[in-house]
Amino acid sequence: YIDEIGKTLIEQIKNQDLKKEILNRPEEIINNFSDFLRIEQEYVLNKVELDKDKGKNTLLKENVFLLFLLAITRIPLIIIGKPGSGKNLSAQLIYKSMKGIYSKNKFFKKFPKIIQTYFQGSEFTQLADEENLFNKAKNKLNYYKKNKLELPISMILFNNLELAYNSKSNPLKELDSKLEFSGKDEGISFIRISNYLLDASKVNRNLILYTPDLDERLDELIRTSYNIVESISQRLKTD
């Protein structure tokens, strides 16, 4: 049954350009849901402003794809992974690429632009900091509503969540109450990034993407290194 899901999803896609691009790839064979998901990940990654060689990194494909989906659906997301797993780079790529009608790639012209409110978590993070953070994101969105402009996606990017977790004021206990500002109606996307796993009670109202240690995927690290070297100069290319 699961092998038919990918084919069924393709048949239900309303965007004819997207459907045509997926189906008209003779080198691609879609036999199951994993194949469909892989092709979708590559499709989105190919649209962002990124050196194509770096796109061979599987972790980057997963991060960018999920960030894109949850940004436009406003579903709260936490990306967890050690430094070097592409968490911040993925968020930067989505923010840089999604400029609404001013996007460089025509694919992203079909979606609202992203306006970002960045916050750097630390062991000194206070409850008031989070209150101000959400108010800033909401005020940015209200400006567009007040002036009857096309509504953007007001995205909060909360970096180093694990540091705020260790704050003596325990500010994360109030984050769940802030999720009411998220959601498609409000137009606020809430993305958090952590280098380490957190207590499940602190993140149970979010979708979580956990990227494994690079030590567990040494082949990814080696391949990415080769791609970066080759992108600098073809003379450095190795077999």
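The values are calculated or read from the model by the stated rules, or taken from the named source; none is laboratory data. From a predicted model like this one, the values you see are computed outputs, not experimental measurements. A quick note on method: Cβ atoms are made from the backbone with ideal geometry, for glycine too, and the neighbour counts reach across all protein chains shown. In case anyone asks, the SASA skips ligands and DNA or RNA and just uses the protein heavy atoms, side chains included. Shrake-Rupley method; radii C 1.70, N 1.55, O 1.52, S 1.80 Å.
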Top positive-direction residue, dipole computed over region 64-164 with Cβ charges, set 164, 84, 121: 84
Cα convex hull volume per residue for region 58-121, in Å³, equals 96
How about region 73-182: which GluC sites (Glu not before Pro) there lie in a loop by DSSP and see at most 14 other Cβ atoms within 10 Å? 123, 150
Taking 0.36 nm per residue of separation between residue 208 and residue 170 and subtracting their Cα-Cα distance, the length gained on full extension comes to 11.6 nm
What FRET efficiency comes out for the pair residue 101/residue 69, r = Cβ-Cβ distance, R0 = 22 Å, nearest 0.05? 0.60
Can you sort 74, 38, 205 by solvent-accessible area, 1.4 Å probe, largest first? 205, 38, 74
Nonlocal amide H pairs with residue 122, under 5 Å, H built at 1.01 Å: 164
Among the listed pairs 61/104; 145/168; 106/148; 109/146; 96/145; 82/168, give every one whose C-alpha distance is greater than 27 Å. 145/168
Please list, in chain and number order, the residues 5+ apart from residue 189 or on another chain whose amide H is under 5 Å from its amide H, with Hs placed from the backbone. 154, 155, 156
